[in-house]
Structure formats: structure tokens, C-alpha cells
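Asks: This structure is in C-alpha cells; I'll ask about it shortly.
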Amino acid sequence: MQALSIHTLPARRGFFNSSRESVAMIAEHLPESVKKYLSGTFAEAYYWKTIRIKTPFVERRFQTTVSTVELSIPEYADQWYSKVHEPKLGSELSDILSPETVFFDIGSQYGYFIEFAIQAGVPPSNIHGFEVDNARYFKFKSQCSEVGVNLENKRVCNRTDGDFISIDRYSSERSSPDVVKIDVEDGEAEVVSGMKQTLSSESPIVFVEMHPSTLSDLGYSKEDIYAIFNNYDYSMAVTNHRKQSANWVSTGQESRVQS
């Protein structure tokens, strides 16, 4: 019998008694292992029907290095978006995205970087967004579908089966990426391990948001991710993508990154 380790959550009693927004905020931060454990249960069904779908949204405008990005986000998530969202990553992307770029946005959430890529001149048909969370997916689909962005409501990992898809399989059937952004909250190792053929044959530029302290929930470490890129002769650097002034440092020197 498998044991389930559940991270301690703030205001645990409020999980059932507080406002819809508070419940949604807690659920947003559940580890992937817990989300998968709850998948298909009454708890998940209750969450979708009574909380997530009814969450109010607000319209926001973000200043970027390419243009102003307009986005509809949940009211409870507003605190996580600053006026200049993830500026270091945005600055790097603005330097390399072009009308010829094929851009994969893995972990699209509400479509911020999809809208960013469009503003940077990437044709919608060259943009491929992946979001496993149903509420997020259907929200950003309603915002992006009219411009022809390719959207997938599947979990990107190292296999293809039902609701799961690997980048290697997707690339072989659809299109190969030039630039990849990965932000999947603890599942980044599975995404990277499922794109080895793409790394080998296409050598895309890859940006990975890593969560070293929680990668272990799925049995990985940051060194596992580094090893995959090393196998395909990638040069790697680390920074804090939420601070424009943060420096890039070599792997192994993460302590020098501005926290």
C-alpha cells in the first residue's frame, strides 16, 4: 500500500469553510502528487463544480519589453502578477522571438506568454500552448482561439497515453519548436525527459522554471534535468526570472542568484 505524503497547508480548516477564492488559492499550490491522488474523486468534482468555475476574473494590463499584454486572470491570482510579470524571462524572450519562431509554451496557465509571443510578432499558427488544468485551459482557450493558436489540454510528460503527451511525440506529428518555455510546477523533469529526441535533432532554446525543493515529490532532482541537457551538448545558465536585474550564473552556482 502506497503512502501519501501531504504538505502542510496554511489555514487548513479554511479549506472547507473559507471563501471560494481562499480554497482556490490553496488548491493552486497542491503538489502534483496530491493533485494526481485526488484525480477522479469526489473532492476533485466538488472543486470544479463549486469553486474553480465560479471564481471571478479581472482584466489586467502588463507592461512588457515588446508591448502591453492584456489578460483576464482569476481575482485570487491577481496578487501573483506584478505590473511587469517575470521581467527577466520576458526580456530574454523578446530578444529571440520573431515571425519565424515556433514557440512552445508548456504550462500556459491563462495565456500570458502566448499573448506575449503574439505581441512579439510570432504568428498564432506558430504558437503551441499546453495546459493540463481544465479551468485554466478553457479560460485561455476562449481568449486565444480566435487568433488560431494551437492549444492542448494535456499533461506534458515523458509518455503519450490518453491525457498525456510527450514533446517528442507532439513534435513528430505537428511541429518542432525553436523556443520552449516550461513552467509546470514540479513536473519539469518529466517534460524534459520526454523531449530528448527534440533536443537532439532540433536543439531548441529552452527556458525551464525549476522547483528544486519539490522536484523530489516525483523522484527527480535538478541534477537530473541538468544531465539531460548535458547529454545533448547544451550550455546552461541559471537566473531569477522574476527580477530584471538578476544575473545569469553557471549551474552549480545557484547560491549566487538573487533570491
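Asks: Once you have the Cα-Cα distance between Glu59 and Glu254, take 0.36 nm times their residue separation minus that, and quote the gain in nm to one decimal.
Replies: Between Glu59 and Glu254, full extension yields an extra 66.7 nm.
Asks: Which trypsin sites (Lys or Arg not before Pro) in the stretch 59-163 pass both tests, a DSSP loop state and at most 14 other beta-carbon atoms within 10 Å? Present the calculation step by step, with values, prior to reporting the outcome.
Replies: Details: sites: Arg60, Arg61, Lys83, Lys88, Arg136, Lys139, Lys141, Lys154, Arg155, Arg159; in loops: Lys83, Lys154, Arg159.
Passing both the DSSP loop test and the Cβ count: Lys83, Arg159.
Asks: In the stretch 112-175, carbon and sulfur make up what percent of the accessible area (probe 1.4 Å)?
Replies: Ligands and nucleic acids excluded, carbon and sulfur give 40 percent.
Asks: What pairs from Lys139/Lys222; Lys83/Lys181; Lys141/Lys181 go past 27 Å between their alpha carbons?
Replies: Details: Lys139/Lys222 31 Å; Lys83/Lys181 20 Å; Lys141/Lys181 18 Å.
Exceeds cut-off: Lys139/Lys222.
The values are calculated or read from the model by the stated rules, or taken from the named source; none is laboratory data. Nothing here was measured: the structure is a model prediction, and the numbers come from that model. Cβ atoms come from the backbone with ideal geometry, glycine included; neighbour counts cover every protein chain shown. Just so you know, the surface numbers come from the protein's heavy atoms only, side chains and all, with ligands and any DNA or RNA stripped out. Shrake-Rupley method; radii C 1.70, N 1.55, O 1.52, S 1.80 Å.
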